[in-house]
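The values are calculated or read from the model by the stated rules, or taken from the named source; none is laboratory data. In this text the structure is predicted, and so the values were computed from the model without any measurement. Heads up, the Cβs are rebuilt from the backbone with ideal geometry, glycines too, and the neighbour counts pull from every protein chain shown.
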Amino acid sequence: MIALALVVVMTFSLLSPAFSDGSAIPREHAYAKGGCGGKNISPPLRWSGAPPGTRSFALTAEDPDAPAGTWIHWVAYDIPASVNSLKPGERPAGEGRNSFGEIGYGGPCPPPGDTPHHYHFTLYALDVPTLKLPGHPDIGDLRNAMKGHVLGQATLAGTYQRT
């Protein structure tokens, strides 16, 4: 007799009902100021397959195509492990400073041009329930606090172009 075992491997994934990986981010999620024409509403996000031992999540959104270097659009942290989605415009309890100099989400706002920019939303599964970050940290503070605590990460990339 041969015994067979079924092993199911869950892949940690991040998705949005508003856009698929590699596709255009809808205009309502673009920045509301600076002629970007959006409503600055963060996109809905959902995730699954978090690694065992996950106790919280952190989230970043970055534009590596920005002319002055990577532009930070969102720094969020201390999202409880029991949470597996964020609704449009939902703000996690822990949010840091973005490159606009604001707290929370700042939508896409590339310079006008023919080339779309890429926006990388990255969700980090962490082995601690809180990062104990004071005030409103920037992305460097978040990365330092996450060192040694990341169990896995999932990324969703969208594009946005302003003509």
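Scan Gly96, Gly101 and give me the residue that is within 13 Å of the chain's Cα centre (by Cα) and small (Gly, Ala, Ser). Spell out the reasoning first.
Numbers: Gly101 fails: within 13 Å of the chain's Cα centre (by Cα).
Result of the check over Gly96, Gly101: Gly96.
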Worksheet item: In the stretch 138-150, is there at least one residue being surrounded by 14 or more Cβ atoms within 10 Å (Cβ to Cβ), at negative phi and touching a His at 6+ places or on another chain (Cβ under 6 Å)?
Response: no
Worksheet item: Here are Glu102, Glu90: which of them is charged (D, E, K, R), touching a Pro at 6+ places or on another chain (Cβ under 9 Å), under 23 Å from Pro26 (Cα atoms) and modelled with pLDDT of 95 or more?
Response: Glu90
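Does any residue of the stretch 102-117 turn out to be closer than 22 Å to Pro17 by Cα, in contact with a Leu (Cβ under 8 Å, 6 or more places away or on another chain) and not in a loop (DSSP other than H, G, I, E, B)? Reasoning before the result, please.
Of all residues in the stretch 102-117, those closer than 22 Å to Pro17 by Cα come to 104-109, 116-117.
The next check asks that each one be in contact with a Leu (Cβ under 8 Å, 6 or more places away or on another chain); those that pass are none.
Within the stretch 102-117 (the criterion being closer than 22 Å to Pro17 by Cα, in contact with a Leu (Cβ under 8 Å, 6 or more places away or on another chain) and not in a loop (DSSP other than H, G, I, E, B)), the answer is no, since none of the residues qualifies.
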